[in-house]
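Engineer: Would you mind keeping the following structure in view while I ask a few things?
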Amino acid sequence: MAAENKGTPVDFLDLFLSRPASAIPKGAQWAVVFNDLEGNILPAISLAYQREPNGSNRWKTEDAASTVLTNDYQERYGCMFCQAVALPGEGFTAVSEGSIKSNAFIRSYVRAGRNDFPIMRMTFIDTHISFTDSFLRGWALATANFGMIARSGGENYRTDVTCYKFGITPSGPVIIQQMTFEGICCISVSEEEYNYDVTSSFVKREAQFAYHNYSVDTVSQNSSDFLGNGGGYQDSGSFGLF
């Protein structure tokens, strides 16, 4: 039987690419928003500094951290220092059942357990007041001091973070997906080397994070018209990325 006629490029444009639900996102349009870093994490960092040898006299980053944790840098456009984020995949391990192979029998695959959550990586731009050294370094220290166990009050070292993905439509930018990570904490900050080589780009630092769980929203507020004629788009709230 001959292959079915798949239509013309114009049909593909009109019936697929031109519809908002099946349009291709325009480049890297995203934002990462941490939940109240100053209120949730800074108290634990201050306590962690006190446990360092002469920490109260040597570690002095809280004032600088407060400067880079303002709404202009963290909420209005998301965390403006974050330049890249590696979002996790999902899966489990499949193994062949039974320990003996006999004749030509084929062993069936069975589930051997869900994969562990990978460590999340984020890359941050280094500015005059370094977000990495003024805040993330202390956050990793607080995580190490308070032992990756449940804490509350001033010893809390975990918060939530949401990663938004945006799309461009004729009516403006919209949120097309968001992933929320609960109980996230910084566990390491990359090293930095100073040298006199000529640089062609800004300095970026990588930090790693662990978290309790995550959820995906793709996006719940869109109406059923979204999949049909392209209606149902919602605006992107307070974000001013476009």
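Engineer: Go through the residues of region 89-98 one by one and say whether even a single one is closer than 30 Å to SER201 by Cβ and not aromatic (Phe, Trp, Tyr).
Structural biologist: Yes, region 89-98 has at least one match.
Engineer: Can GLY98 be described as within 15 Å of the chain's Cα centre (by Cα) and either exposed (fewer than 15 other Cβ atoms within 10 Å of the Cβ) or over 26 Å from TRP30 (Cβ atoms) (or both)?
Structural biologist: no
Engineer: A further question follows. Among all residue pairs at least 6 apart or on different chains, which show Cβ distances below 6 Å where the first residue, located in region 139-151, is surrounded by fewer than 19 Cβ atoms within 10 Å (Cβ to Cβ) and the second is in a loop (DSSP other than H, G, I, E, B)?
Structural biologist: ASN145/ARG51
Engineer: State all residues of region 57-95 that are under 24 Å from ASN40 (Cα atoms), surrounded by fewer than 12 Cβ atoms within 10 Å (Cβ to Cβ) and among the aromatic types (Phe, Trp, Tyr); if no residue qualifies, say none.
Structural biologist: none
Engineer: If you don't mind, there's one more thing I want to ask. Looking only at region 148-202, filter to residues that are in a strand (DSSP E or B) and of a type in the set (Gly, Ala, Ser); which one of those is modelled with the lowest pLDDT?
Structural biologist: Across region 148-202, the extreme among qualifying residues is GLY172.
Engineer: Still on this model: In this structure, does ALA23 turn out to be touching a residue at least 60 places away in the same chain (Cβ under 8 Å), more than 29 Å from VAL219 (Cα to Cα) and aliphatic (A, V, I, L, M)?
Structural biologist: no
Engineer: Among what's in region 149-204 and is charged (D, E, K, R) and over 25 Å from GLN29 (Cβ atoms), pick the residue that is nearest to the chain's Cα centre (by Cα).
Structural biologist: Step by step, filter region 149-204, then rank; the result is ARG158.
Engineer: Okay, moving on. For ARG151, indicate whether it is touching a His at 6+ places or on another chain (Cβ under 8 Å), of a type outside the set (A, V, I, L, M) and under 23 Å from THR180 (Cα atoms).
Structural biologist: Against the criterion (touching a His at 6+ places or on another chain (Cβ under 8 Å), of a type outside the set (A, V, I, L, M) and under 23 Å from THR180 (Cα atoms)), ARG151 does not qualify.
Here is a yes/no grid of residues against (1) part of a helix (DSSP H, G or I); (2) within 23 Å of GLU182 (Cα to Cα); (3) modelled with pLDDT of 90 or more:
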residue	(1), (2), (3)
GLY39	yes, yes, yes
LEU47	yes, yes, yes
ASN57	yes, no, no
THR67	yes, no, yes
TYR73	yes, yes, yes
ARG76	no, yes, no
PHE105	no, no, no
ARG111	no, no, no
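Engineer: May I pose another question? I'm checking my understanding of the structure. Among residues of region 146-175 that are in contact with a helix residue (DSSP H, G or I) (Cβ under 9 Å, 6 or more places away or on another chain) and of a type in the set (A, V, I, L, M, F, W, C), which one is nearest to SER22 (Cα to Cα)?
Structural biologist: Filtering region 146-175 for residues that are in contact with a helix residue (DSSP H, G or I) (Cβ under 9 Å, 6 or more places away or on another chain) and of a type in the set (A, V, I, L, M, F, W, C), the one nearest to SER22 (Cα to Cα) comes out as VAL174.
Engineer: Kindly list the number of the only condition in (1) under 30 Å from PHE202 (Cα atoms); (2) under 21 Å from the mean Cα position of the chain (by Cα); (3) of a type outside the set (Asp, Glu); (4) at pLDDT below 95 that fails for HIS128.
Structural biologist: So HIS128 meets the others, but not (2).
Engineer: Here is a further query. Please find, within region 113-137, the residue that is surrounded by the most Cβ atoms within 10 Å (Cβ to Cβ) out of those that are in a strand (DSSP E or B) and touching a Cys at 6+ places or on another chain (Cβ under 9 Å).
Structural biologist: PHE124
The values are calculated or read from the model by the stated rules, or taken from the named source; none is laboratory data. What you see is a predicted model, and the numbers here were worked out from it, not measured in a lab. All Cβ positions, even for glycine, are placed from backbone atoms using ideal geometry, and neighbour counts span all protein chains on display.
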